[in-house]
Amino acid sequence: MMPIIKSVIIILLLAVTTASHAFWSSDPASLKELATGVATELKDKSGSARKLYLDKVNVKDAVSGEASNLSAFLVNELESSLSAAGFSFTDFMEQADQVVGATYHRDGERLRVFVKYCPAKDNSNCKSLSAALPVNKLPKESFSESMDSRLKRLVQKAGGGKSGLKVFISPVVERKNRYSSEFSEYVTAKARSFMVNSQQFEVLEEQPVTRSLSNTRGLAAKAKEVKNLDTSTALFSGADAVLEGYYLEGAGRVTVAMTLKNLKGGVLGSADETIERSMIPYSTVNQTAGSLAAVADVAGQAIQQVVKLNTTKGDRYQVYRAGEKLQFLIQVARPLYIYLFAINTKNEVNRLYPGPKQQQASLAPGKVHTVPAEHDSWEIVVEPPFGTDVVKLFAVEKPVMLPELSDKAPIKSFADGSRSLVRRDLIQQELANQKVINGFDLVDYFKGVAGQQGIMLYEDSLFVQTRPR
């Protein structure tokens, strides 16, 4: 039956492309020439619609549904040619004027490529383009091992031969600053897809049970079961294991590591794969999050199991739309006083907890504490400007005096845009005695106060994206 099914799909694709506009006087001789032709056509037909969403995830073989190195090569050429033609790109489909997608199919010694572009708000008015070019004109590695094949092998090895587990998938993040990027979001989605298709595990829903504000009351009983704060979201979701991962960039390559853990933190399986940068059509850098991570000193946080910061949308879904209410979940492993701050892309720092008239009290372990609490008379509602924020949590054994934050105060922790590493201990001691500080100095202020009082300081950070509806 399979050959019949493939034939039907090919006929359908050819039927679509028959109505396409054939704007090449002869078939293009390379992917670059093909992409240039696509860019020329869009430029002629798009008018003022210049912002594009390129559907990179679905650039793959039209029949098998598999991606190969060719997928990355085609994406790179389309991005390059469309940029040269004056188009810009957005990561969010709802912010684009047009959506561009592409598929391909090898037909003997020829590659057929199908490109479709549609108005973002009217997918009934799509236009399609097609072309064929000789396979011998493609890069030699086009049909060899791809990024997807290596990710699939990685997930299989990380599974450790286990089966029958209920698995919660945490986001894959950049190792140093722990932020998400276009690449990490793709890797996370692929890991989930591979685990689902393997039928080896029961993969739990992407959005955990903490997604509803009303469910925070129901977390009280489960909170008492938490033995490891790092896997608490998986526990709340009903999982008995969690798959987590990170990536690390090197010279011309990216290493992705994944680990399957039980809820006590025990490793069930672990593996890593190195992927050549030329195979990756996604950005591994999130400059906005990287800048925020520097202010919040995410890389400087000690790895510990004492405090955990989350939202009611869980580990993965930290994306909020205009008008949504945002509530933070905080857990502690021992009685601690906590301080919560939000830092936005303008490097403005706002204190979320405790509020100006809020009486401080230590938080007790074995519970899920919310900010704002359900009895509070205030709430956090998402409104413009939208973007990425980092929320920083500090926790200490004794209450500390909070300084006034002012952008007029001189910055002591940074020099020429980078965190100063020269005698940072002296900077922290100096800041600990100041009543007014710049928001850039928040981390070193707390480190200085903790050192001055001889108490332990615990930290956690969380990136939150806000978007229009």
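The values are calculated or read from the model by the stated rules, or taken from the named source; none is laboratory data. On a predicted model such as this, the values are computed, not experimentally measured, just so you know. Because the Cβ atoms are built from the backbone with ideal geometry, glycine has one as well, and the counts that use them run over all protein chains shown.
Structural remarks
- Scanning the stretch 411-446 for residues that are in a helix (DSSP H, G or I) and under 30 Å from V319 (Cα atoms) yields G439, F440, D441, L442, V443, D444, Y445, F446.
- Of all residues in the stretch 311-337 being of a type in the set (V, I, T) and within 22 Å of P171 (Cβ to Cβ), the one that is modelled with the lowest pLDDT: T312
- Contact map, the stretch 416-427: residues that are farther than 14 Å from G448 by Cβ paired with residues that are part of a strand (DSSP E or B), Cβ distance under 9 Å, separation 6+ or inter-chain. Pairs shown: V422/A415.
- Selection status of F463, closer than 22 Å to A302 by Cα, of a type outside the set (A, V, I, L, M) and part of a strand (DSSP E or B): yes
- The set of residues in the stretch 26-47 that are part of a loop (DSSP other than H, G, I, E, B), touching a residue at least 24 places away in the same chain (Cβ under 8 Å) and polar (S, T, N, Q) contains only S30.
- Elements of type strands (runs of 3 or more DSSP E) contained in the stretch 104-176, each with 1 or more residues being under 27 Å from the mean Cα position of the chain (by Cα): 110-119, 166-174
- Taking the stretch 282-299 as the range and being β-branched (V, I, T) and surrounded by 20 or more Cβ atoms within 10 Å (Cβ to Cβ) as the test, the residues that pass are V295, V298.
- Near pairs, Cβ below 7 angstrom, 6+ apart or cross-chain, from the stretch 351-379 (farther than 18 Å from L402 by Cβ and at pLDDT 80 or above) to any residue that is of a type in the set (F, W, Y) and surrounded by 15 or more Cβ atoms within 10 Å (Cβ to Cβ): T370/F328
- If you go through the stretch 92-123 and keep only what is under 27 Å from R467 (Cβ atoms) and either touching a Phe, Trp or Tyr at 6+ places or on another chain (Cβ under 8 Å) or not assigned by TED's automatic domain parsing to the domain that holds K56 (or both), you end up with F92, M93, Q95, A96, Q98, V99, V100, G101, A102, A120.
- For the stretch 384-414, filtering for residues that are closer than 24 Å to Q287 by Cβ and loosely packed, with under 12 Cβ neighbours inside 10 Å leaves 2.
- Where E249 falls short, out of the listed (1) at positive phi; (2) under 21 Å from the mean Cα position of the chain (by Cα); (3) not assigned by TED's automatic domain parsing to the domain that holds P399: (1)
- The stretch 415-469 - residue that is in contact with a Ser or Thr (Cβ under 9 Å, 6 or more places away or on another chain) and aliphatic (A, V, I, L, M) and, of those, nearest to E324 (Cα to Cα): V464
- Residue that is modelled with pLDDT under 85 and buried (at least 19 other Cβ atoms within 10 Å of the Cβ), where the choices are A19, A67: A67
- Only one of S130, S163 that is buried (at least 19 other Cβ atoms within 10 Å of the Cβ) and either within 14 Å of A72 (Cβ to Cβ) or at pLDDT 85 or above (or both): S130
- Test: I380 is surrounded by 14 or more Cβ atoms within 10 Å (Cβ to Cβ) and either closer than 19 Å to F446 by Cβ or charged (D, E, K, R) (or both): no
- The one condition in (1) of a type outside the set (G, A, S); (2) crowded, with 16+ Cβ neighbours inside 10 Å; (3) under 19 Å from A299 (Cβ atoms) that V449 fails to fulfil: (3)
Conditions (1) closer than 26 Å to Q301 by Cα; (2) not basic (K, R), marked per residue:
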| site | (1), (2) |
| --- | --- |
| Q360 | yes, yes |
| P365 | yes, yes |
| H375 | no, yes |
| K398 | yes, no |
| L405 | yes, yes |
| S413 | yes, yes |
